[in-house]
Amino acid sequence: MYDKKTYIKRREQLKKKIKSGLLLFLGNIDSPMNYADNIYPFRQDSTFLYYFGLDHPGFTAVIDIDENKEMIFGDDLSVDDIVWTGPQKTTAQLAKSVGINNTAPTCKLDEVLKAAISSDRKIHFLPQYRAENKIMLSDLLGIHSKLINNYSSHELTTAVVSQRSIKSKVEVDDIEKAVNVSYDMYTLAMRSAKPGMYEREIAGLVEGIVLSAGGRLSFPTILSVHGETLHNHYHTNKMKSGEIFVMDSGAEVSNGYASDITRTIPANGKFTSMQKDIYQVVLKTQMSSIKTIKPGVSYKNIHLKAAKIITQGLKDLGLMKGDVNDAVTNGAHAMFFPHGLGHMMGLDVHDMENLGENLVGYEKNAKRSDQFGLAYLRLARELKPGFVLTVEPGIYFIPELINKWQKEKINSRFINFNTVNKYRKFGGIRIEDDILVTKSGHRVLGKPIPKTIKEVEEYCNL
């Protein structure tokens, strides 16, 4: 948790953006795995964590804009609870630690909200992603749980997105700490990987690094020799000599800030010539994209330039043909590069995605493309100082997608399917780093994690 002045300042900035009414923030509660007392590790709602800093279940907060009053609602533990949990700070003590002097039991929240409703005051709340919080809001506000998000406050949501998008120095420092944990994860994975190992063995080792550093995974690790499956959480393949595996993972440090890194690693410590060819195209694309990051540049344009570099690289290898610009305009590259170049990150690995991906990643009134591939671009807006984002191009050979496009002759004037079919068992390659947009350019966060072919092979053979 940061100093209470940090949270006071954040709330003061937010209050200046909202004209009137109550701002209602629901923290998360414990969630059972298979029965009530066997719970998943607790993760606080990121926006609640941002403004109130209390990483404990069962709290709700209200900011009364009109009366300039802030309150935390929560229930203190009974002696029966303490037998199991040990002594804990009271709600009042925790609230004071983040600069709030007014507290009340959770049962009093209903009275506060009913009084506001009876006075025809606006109650602002954010879109909800957890079923239990939708049900709670439904009970409090008398709105069917399935319709709750239809009544969320656009004014509050856009204010939160605007504020959380710009990362302060302490936030950047925490993201960088998380990236440095990722450094340890990836260098261990490179040193440990051997033919005959199961993917789960590497996944277990790298999760151990995060836990031993006092954090947790920022998302379930993607690690597979079948890197053509973009989000592959299946870890039971035995790795063979000559195979490469994609590892996309991240650490989350104690304040909740995340890293998100991807590397592609040869199981036997050496890339084949075919793998090197594709890897170099991806690496060139990633490094060229990073170089163009600076304030005022559209990330959609950076994505499209990346698509052209990939297209040219694949054309040089005989996998694509025709005019590069026309190929990208028609989305031909998306058979190999079907996702966006990157996304915002911070307290969430896909930062604020629960508040609305378009609100976070697109300019106001911007129309999102419906073209395959480009439609998946999470970040397309003009970059500003303080943004932290990922740059993660990739090239994949997805047999099902190849079959569909070949059968339906999709973009056949740009793709050499005879050559592509030789790569059906290739898998995929992705390379990803976390980047801060500075006042004059950019900075790659954290200790440099090996990513050139030479560096990766050297670490694999230590």
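The values are calculated or read from the model by the stated rules, or taken from the named source; none is laboratory data. From a predicted model like this one, the values you see are computed outputs, not experimental measurements. Here the Cβ is made from the backbone with ideal geometry for all residues, glycine too, and neighbour counts use every protein chain on show. Remember, those area values only see protein heavy atoms, side chains included, never the ligands or the DNA or RNA. Shrake-Rupley method; radii C 1.70, N 1.55, O 1.52, S 1.80 Å.
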A careful count of residues in the stretch 352-384 that are part of a loop (DSSP other than H, G, I, E, B), open to solvent by 20 Å² or more (accessible area, probe 1.4 Å) and farther than 17 Å from Arg164 by Cα gives 8
Looking only at the stretch 423-460, which residues are within 25 Å of Lys384 (Cα to Cα), part of a strand (DSSP E or B) and β-branched (Val, Ile, Thr)?
Ile435, Val437, Val444
For the stretch 15-132, which fully contained helices (runs of 4 or more DSSP H) count at least 3 residues that are touching a strand residue (DSSP E or B) at 6+ places or on another chain (Cβ under 9 Å) and surrounded by 15 or more Cβ atoms within 10 Å (Cβ to Cβ)?
46-52, 91-96, 109-118
Reported set for the stretch 308-348 where residues are among the hydrophobic types (A, V, I, L, M, F, W, C), surrounded by fewer than 22 Cβ atoms within 10 Å (Cβ to Cβ) and in a loop (DSSP other than H, G, I, E, B) is Leu317
Looking at the stretch 385-393, can you tell me whether even one residue there is of a type in the set (Ser, Thr, Tyr) and either without any contact (Cβ under 8 Å) to a residue 12 or more places away in the chain or open to solvent by 10 Å² or more (accessible area, probe 1.4 Å) (or both)?
no
Matching residues in the stretch 238-266 - criterion: being part of a loop (DSSP other than H, G, I, E, B), within 20 Å of Gly208 (Cβ to Cβ) and more than 15 Å from the chain's Cα centre (by Cα):
Met239, Ser254
Selection count where residues are over 18 Å from the mean Cα position of the chain (by Cα) and either surrounded by fewer than 19 Cβ atoms within 10 Å (Cβ to Cβ) or within 30 Å of Arg10 (Cβ to Cβ) (or both), scope the stretch 188-218:
17
Tell me which of these Ile8 doesn't satisfy, since it passes every other one: (1) open to solvent by 30 Å² or more (accessible area, probe 1.4 Å); (2) closer than 25 Å to Ser118 by Cα.
(2)
Verdict on Ser153 being among the small types (Gly, Ala, Ser) and either touching a strand residue (DSSP E or B) at 6+ places or on another chain (Cβ under 6 Å) or at pLDDT 95 or above (or both)
yes
Count of the stretch 267-282 residues which are open to solvent by 10 Å² or more (accessible area, probe 1.4 Å) and either among the aliphatic types (A, V, I, L, M) or assigned to a helix (DSSP H, G or I) (or both)
7
